1. Quick test for you: out of Leu73, Leu99, pick the one residue that is modelled with pLDDT under 90 and among the aliphatic types (A, V, I, L, M).
2. Find the residue count for region 217-252, including only residues that are surrounded by fewer than 17 Cβ atoms within 10 Å (Cβ to Cβ) and not in a strand (DSSP E or B).
3. Working only within region 174-193, note down all residues that are of a type in the set (Lys, Arg) and under 21 Å from the mean Cα position of the chain (by Cα).
4. Is there any pair with a first residue in region 121-142 that is in contact (Cβ under 8 Å) with a residue 12 or more places away in the chain and over 21 Å from Asp250 (Cβ atoms) and a second that is basic (Lys, Arg) and open to solvent by 30 Å² or more (accessible area, probe 1.4 Å) whose Cβ atoms are under 9 Å apart and which are 6 or more apart or on different chains, and what are they?
5. Quick one: in region 172-207, which of the residues that are of a type in the set (D, E, K, R) and in contact with a strand residue (DSSP E or B) (Cβ under 6 Å, 6 or more places away or on another chain) is surrounded by the most Cβ atoms within 10 Å (Cβ to Cβ)?
6. Take residues that are buried (at least 19 other Cβ atoms within 10 Å of the Cβ) and basic (Lys, Arg) and tell me which of the strands (runs of 3 or more DSSP E) falling wholly in region 1-57 contain 1 or more.
7. Are any residues in region 58-103 at positive phi, open to solvent by 20 Å² or more (accessible area, probe 1.4 Å) and in a loop (DSSP other than H, G, I, E, B), and if so, which ones?
8. Are any of the residues in region 208-216 within 18 Å of Leu150 (Cβ to Cβ), surrounded by 19 or more Cβ atoms within 10 Å (Cβ to Cβ) and either in contact with a helix residue (DSSP H, G or I) (Cβ under 8 Å, 6 or more places away or on another chain) or free of Cβ contacts under 8 Å to residues at least 60 places away in the same chain (or both)?
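The values are calculated or read from the model by the stated rules, or taken from the named source; none is laboratory data. Quick caveat, the model's predicted, so the values are computed rather than measured. In this analysis, Cβ positions are derived from the backbone assuming ideal geometry, glycine residues included, and neighbour counts consider all displayed protein chains. These area figures cover heavy atoms from the full protein model, side chains too; ligands, DNA and RNA do not enter into them. Shrake-Rupley method; radii C 1.70, N 1.55, O 1.52, S 1.80 Å.
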Amino acid sequence: MRIQPVREEIGFKLVTGLTRSALADEAIQQELRHLWIEHGMLIVRGLDGGGEGHAELSAIFGPPEPHPFRERLVEGHPQLLWVRHIPGQEVVYDVDGELKGGWLPWHSDLAYMARINRGGVLRAIELPDAGGQTGFIDQIAAYQRLPQRLRDRIDGLNVVYTLNLNAAEQRFGRYPGLGRRQHVSDSVRAIEARASSDFPAVVHPLVYVQAETGRKVLNLSPWFADHVLELPGEEGDALLHKTVQYCVDDDHAYFHSWQPGDMVVWDNWRVLHCATGIAPDAVRRMQRTTLAGDYALGRVLDEGEQHHAAILHGHDQGASPMAGSVITG
């Protein structure tokens, strides 16, 4: 097994020379888990075994759990989720005047739920001729880049998250050249239809400490963030806008150009991801596992807080509470 950095100034690692037989070696498993905790994201290239190898690699980092978007689960394999763009069947966005399928903004998976999954393993199955990169940004490094004054200001604050799948309506970190969306699939409409009952507003701390290392994490998902719980107004919004700049700085991001069979393992509690999109008439098919876990710091917004949030945000924005695109990388 060979381990090397994806870029000298970024901690993410590329792992090659790993075989399915090696996955059964406890020493190899421990080394992979250590690398994952220390660096946040691993690219595993050249592992044989297809779907079985995918499941075996995932099991090293934690037990699987079904993704709450059951409309996108792989039939007969509830531990697997489809991440795909098929022409005419999926969401398309206008990005800087260019139509893109499979485009997703920076986010953490399940930030709109009180219990956030530990991570995921994404595997390339069918790739387009061009585009289709997945971006990753480490939020431990982002916290370290914050000015001390901003660190002091956000420590102890909490962010309220709501599920709005329309990235063109996100409140923070919105891509400046993002326009309308079209071709909303039946599965997205089905998710939207059950949003209010299945996905109530939740609260997560803006900063938390990684249990294994004691390092602080900038715990902010630009997509789905609605407002600062303790500052539900212009002051809190300005604070989030400023903080998000450190979450979505492309100079500190890694954009992965996929090769057939590549698998990427990321720590969803500390690494944001996005998808750069492809031509609307191209095909991109991926599958991912969802790794179970709970950092135990999130909670559902209580009724009084929800009422206050609805008055300050949402109803006064003139935006539909749901409309969108499926949330994976």
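1. On the way: Leu99 fails: modelled with pLDDT under 90.
Of the residues listed, the single one that is modelled with pLDDT under 90 and among the aliphatic types (A, V, I, L, M) is Leu73.
2. Selection size over region 217-252: 12.
3. Quick first cut of region 174-193, residues of a type in the set (Lys, Arg) only: 174, 180-181, 189.
Selection gives Arg174, Arg181, Arg189.
4. As it stands, the answer is Ala124/Arg285; Ile125/Arg84; Ile125/Arg285; Glu126/Arg84; Glu126/Arg285; Leu127/Arg285, since those pairs meet every condition given.
5. Of the residues in region 172-207, the ones of a type in the set (D, E, K, R) are 174, 180-181, 186, 189, 192, 194, 198.
Going one step further and asking which of them are in contact with a strand residue (DSSP E or B) (Cβ under 6 Å, 6 or more places away or on another chain), we end up with 180-181.
On the way: Arg180: 10, Arg181: 21.
The residue in question is Arg181.
6. Numbers: elements: 2-7, 10-16, 41-45.
Result: 10-16.
7. Taking region 58-103 and keeping what is at positive phi, we get 62, 76, 88, 96-97, 102.
From what is left, the residues that are open to solvent by 20 Å² or more (accessible area, probe 1.4 Å) are 76, 88, 96-97, 102.
Answer for region 58-103, where residues must be at positive phi, open to solvent by 20 Å² or more (accessible area, probe 1.4 Å) and in a loop (DSSP other than H, G, I, E, B): Gly76, Gly88, Asp96, Gly97.
8. no
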